[in-house]
1. Treating the beta-carbon of each Lys and Arg as +1 and of each Asp and Glu as -1, no other charges, what is the dipole magnitude of the protein assembly as shown about its Cα centre, to the nearest 20 debye?
2. When only C-alpha pairs under 8 Å and at least 6 residues apart count, what is the relative contact order of chain B, in percent?
3. Which of A:149, A:157, A:176 moves most in a GNM of chain A, Cα contacts under 10 Å?
4. Taking the Cα centre of the stretch B:70-222 as origin, work out the dipole magnitude from +1 charges on Lys and Arg Cβ and -1 charges on Asp and Glu Cβ, in debye rounded to 20.
5. For chain B, what is the mean residue ellipticity at 222 nm derived from helices alone (per DSSP H run of n ≥ 4: -39500 (n - 2.57); sum divided by total residues; nearest 500 deg cm²/dmol)?
6. Looking only at A:107, A:74, A:128, which one moves most when chain A is put into a Gaussian network model with springs between Cα atoms under 10 Å?
7. Grab the alpha carbons of the stretch A:194-286, take their convex hull, and tell me the volume per residue in Å³.
8. Report the calculated FRET efficiency for residue B:132 and residue B:179 (r = Cβ-Cβ distance, R0 = 30 Å), to the nearest 0.05.
Amino acid sequence: MGIQFREVSYRYPSGSINFYQAISNINLTINEKDEFIALVGHTGSGKSTLAQHMNALIFPTLGEVEIFGSVVSKKRNKKIKYNDLRKHVGLVFQFPEYQLFEETVEKDIMFGPMNFKVKHDEAEALAKKALFLVGLDESYLKRNPFNLSGGEKKRVSIAGILALDPDILVLDEPTSGLDPAGKKQLMELFTSIQKNTGKTIIVITHDMDLVYEFASRVIVLNSGELVFDGTPEKLFHRDDLKNYSLDYPETIQVLRAVKTHFGKDINIYKKTMTEAVLEIERAMKL
Amino acid sequence: MSYIDIKDLSFTYTGKRMILKDISLSVEKGEWIAILGHNGSGKSTLAKTILGLLEPASGTIEIDSILLKEDTTYDIRKKIGIVFQNPDNQFVGVTVKDDIAFGMENLCFPQKEMLEKINFYAEKVGMSDFLDKEPSQLSGGQKQRVAIAGILAMQTEIMIFDEATSMLDPFAREDLMKYIKELHREGITIIMITHDIEEALLADRLVILKDGMIFKNGLKEDLLAHPEIFENSFLELPMALRIANHLFAGSEELKAVKDFLWEYNLGK
């Protein structure tokens, strides 16, 4: 099961024939369990377009996407119940906090399940559970979402998708607009949701420090093409990331500079500030 | 009298919790300041009150000797261009071209000049190939670049960037920073609102907000000498400085590494 992309290309409908191809010839398998995937690439590389294929919000121009057993291609298949299929993959858009609209947090989270014809009582229970998963307690249920802080709003909007109990959760730049502490907290939250539920989580991001510290797999898009699929370790060992407009994590950049300047035998592949400090202290003693 | 003069400014949405508390701040013409602070510290609210988008509970704002009041709001807005965090908040045009033109149209730029400027600034932000596209077809980062081009084209005396780089990839971000440096050299007054210290360190002066109040206001060199200022306001120093601050300086070699990391950070 999970999601399989087979030679998928997508071109946005537009008057101009020269309009750029958003993604081209993508082959990719997403497992339905136990993955924490970072989807990275420069602005306009096709990340969001790829993500929207994952729950059939858009249909491939060429090729096919198999989503939990249903094959989605250019031609709409009347046998496929697209709404059922979308239950498998929850998509959280950029700035989801702008999509809150109900008068209480509880109603907002329940909106999704109710739309999928879940009974009121059941939806209430799902809302509670989802709120707990995003690290907020029951006291938030009756609060007005518009009086929450930016980070809390983000959590509530993510809970709205979690309440649908998707197998795979896709988040489009969830950390943008948060301060460094907020970013870290949110990534830790995803890690714990991933561990507690076994759901596969896919996060679109530009932040390589977060990718290095949290992801188990990285998919890199460059001008619509898939150019890398593997572990963060393997990605950051490559020396050609500039070609894909990607930075190295800050720890690697700083350790590399120290290594070059002092000519010491330093292992530059450290994920956190503390690890980097210990490595420098170790190497400089030799 | 400074170019921008904010005195005892307070703001509240509800009448209870104060979002801004007694903010007094002066900015000189041509200065580049960064306003830093954690989420919810009041940074964006401050920008919105400067523009007259929000009405302060008390205090005054004067820009270029014009006191901000209901009947002077338009005169003051003509002087200020602002780029918001989420480009969807400032899209109005049917095509990218229309969108870049919108601000200039409001300022009654002549048609010919407008067209030249559209091409010039689209080029600057690398969106020349997209002029006839619909903004809705663009990625988040591309939209942000279009929004930036539209504001730059207005050539206002003051530019406010409110977390403007949050949706850009590192290279697009570097390009924008280069361009802001150019604006600074041309004498434009720049206010950058951010929680990214690396970005903030490009400014001459840092103003750190914490819980709606000015926590620190000073030259960056002076503030950086006290890393605890940043930690106490939930801000994260660049990795090189954090490593430098945590290294045990027990030997000459480690002291040399510390010095090197400071140099490295300044050179970036």
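1. 1320
2. Value for chain B: 24 percent.
3. A:149
4. With Lys and Arg at +1 and Asp and Glu at -1, about 160 debye.
5. Calculated at 222 nm, the ellipticity per residue is -11500 deg cm²/dmol.
6. Comparing A:107, A:74, A:128 in the GNM, the peak value goes to A:74.
7. 109
8. In this case the efficiency is close to 0.80.
None of the figures in this text is laboratory data; all of them are computed from the coordinates on show. Every value quoted in this text rests on a predicted model; they were computed, and no experiment measured them. Please note: Cβ atoms are built from the backbone with ideal geometry, for glycine as well, and neighbour counts cover all protein chains shown.
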